[in-house]
Amino acid sequence: MREGSALEVLATFAKLGLTSFGGPIAHIGYYRQELVEKRRWVSETELAELLALCQFLPGPASSQLGFCLGLTRAGLPGGLAAFAAFTLPSAALLFAFAALLPQLSSALGRGALHGLALVAVAVVAHGLIGMARQLCPDVPRASIAIASALVLLLAGAAWVQLVVIAAGALLGMFVCRGGALPGPSALRLRYGPKLGLALLAAFALGLVGLPIAARGFGGLWAVADAFYRAGGLVFGGGHVVLPLLEEAVVRPGWVSASEFVAGYGAAQAIPGPMFSFAAYLGSRIAGAGGALVALCTIFLPGLLLAAAVLPLWRSVASRPGAVRAVAGVNAAVVGLLGAALYDPVCTKAIRGPFDVAVSLVGLALLLRWRASPLWVVLACVCASVARAIWVAPGG
């Protein structure tokens with residue numbers, strides 16, 4: 001692999017950050033087209049190896065993959081450049097949406113917000129179907145997913161999600177048949193296992209230290225703690241972070257349920273990573289400072305873990321037990337997403353048969369016609385706005 005510069009990485013990922021619509025799975029396709037086929041930064045095998053690593057770790061997989069690609073291309077400056085260029089466009093758009101939210105109080109505005117909530121129903125359902133097909137192809141993994149969803153719906157507490165994921169890993173070691181992970185490749189790093197262990201310690205320090213700081217000082221420390229935990233303890237990234245974020249910001253009363261679902265729907269209309277949703281939530285909690293803190297802390301644990309584990313990855317990936325454990329975790333993640341589809345997505349967005357019909361049309365556009373999420377946003381928002389105007393007094 002030929003080494004490059006951080007400026008080269010910045011320019012390349014700025015293009016990706018402005019054009020990568022469609023969510024984490026689609027992002028991998030964009031990476032492959034731009035960095036494997038067009039620029040030849042990495043080979044197919046090397047991209048698969050990095051993808052396997054990022055799927056193994058908690059955090060936003062597509063953002064971690066982009067960070068690792070920048071890291072192997074131009075060292076730590078390259079990794080940071082890739083992250084910033086890929087993330088900031090979507091974060092800026094969601095920050096602007098949060099600023100405009102109080103102005104959307106008319107019938108048209110309320111209809112648009114509700115339409116975005118219906119977009120969330122269609123997109124999460126589409127993600128659930130795709131993940132179930134890929135990650136639960138047999139009876140053992142489908143059983144883990146169903147059991148996980150039932151436990152989460154019946155229990156509801158955030159800590160149960162961690163128990164479900166751990167149980168999925170344990171069951172996976174005994175009942176799952178995961179596919180083979182990529183083998184050794186020509187990936188090169190500018191640091192070794194010692195720095196990796198230091199970064200792993202920094203990740204653990206955040207998990208332990210931020211709750212203490214939050215209890216002692218409150219304010220933005222509490223925001224940092226909530227988003228660091230959401231980013232550091234979620235497997236699967238993307239839509240799967242939804243229940244952790246809902247637990248972190250809606251239940252304490254920082255953000256209302258309607259604001260949460262509307263912001264999640266807006267996140268479907270823009271390119272870049274789903275975790276940029278944190279910029280919207282942080283802004284609703286504490287303005288620009290809250291947006292910056294939430295955005296940085298939700299991504300930080302995943303990036304620390306990716307950088308820490310990368311030099312140690314080859315020895316772990318060759319062990320069959322790790323493959324089976326990851327298969328079990330992935331199945332549990334499908335159950336977690338299924339529970340999230342029901343609550344809070346459907347319970348907050350679906351108000352009657354009309355909403356069911358609009359959501360099903362959005363799902364059909366994604367599933368059968370493979371439409372861009374932008375068309376789904378347009379269809380759902382227009383339908384909801386039209387209904388809001390129709391039923392408004394004097395409409």
- Message: For the range 270-295, which positions are without any contact (Cβ under 8 Å) to a residue 60 or more places away in the chain and open to solvent by 20 Å² or more (accessible area, probe 1.4 Å)?
- Response: 287, 292
- Can you list the helices (runs of 4 or more DSSP H) found entirely within the range 1-63 that contain at least 3 residues being over 20 Å from residue 127 (Cβ atoms), modelled with pLDDT under 85 and of a type in the set (Asp, Glu)? 44-56
- Query: Tally time: how many residues in the range 343-375 are over 15 Å from residue 129 (Cα atoms) and either under 19 Å from the mean Cα position of the chain (by Cα) or modelled with pLDDT of 90 or more (or both)?
  - Reply: 17
- Item | helices (runs of 4 or more DSSP H) wholly inside the range 183-250 containing at least 2 residues that are touching a Ser or Thr at 6+ places or on another chain (Cβ under 7 Å) and either at pLDDT below 90 or not hydroxyl-bearing (Ser, Thr, Tyr) (or both) | 220-232
- Item | Index of the failed condition, residue 270 passing every other in (1) of a type in the set (Val, Ile, Thr); (2) over 23 Å from residue 114 (Cβ atoms); (3) at pLDDT below 85 | (2)
- Task: Identify all residues within the range 339-359 that are open to solvent by 20 Å² or more (accessible area, probe 1.4 Å), assigned to a helix (DSSP H, G or I) and in contact with a helix residue (DSSP H, G or I) (Cβ under 8 Å, 6 or more places away or on another chain); write none if there are none.
- Result: 341, 342, 343, 346, 348, 354
- Item | Filtered residues of the range 244-255 (kept if among the small types (Gly, Ala, Ser) and open to solvent by 50 Å² or more (accessible area, probe 1.4 Å)) | 253
- Query: Hey, does the range 131-143 have a residue that's part of a helix (DSSP H, G or I) and open to solvent by less than 20 Å² (accessible area, probe 1.4 Å)?
  - Reply: no
- Message: Would you confirm whether or not the range 71-90 contains a residue that is closer than 23 Å to residue 278 by Cα, assigned to a helix (DSSP H, G or I), hydrophobic (A, V, I, L, M, F, W, C) and modelled with pLDDT under 80?
- Response: no
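The values are calculated or read from the model by the stated rules, or taken from the named source; none is laboratory data. Treat the numbers as computed from the prediction; the structure is a model and nothing was measured. Please note: Cβ atoms are built from the backbone with ideal geometry, for glycine as well, and neighbour counts cover all protein chains shown. When the accessible area is computed, the model is the full protein with side chains, heavy atoms only, and any ligands, DNA or RNA have been set aside. Shrake-Rupley method; radii C 1.70, N 1.55, O 1.52, S 1.80 Å.
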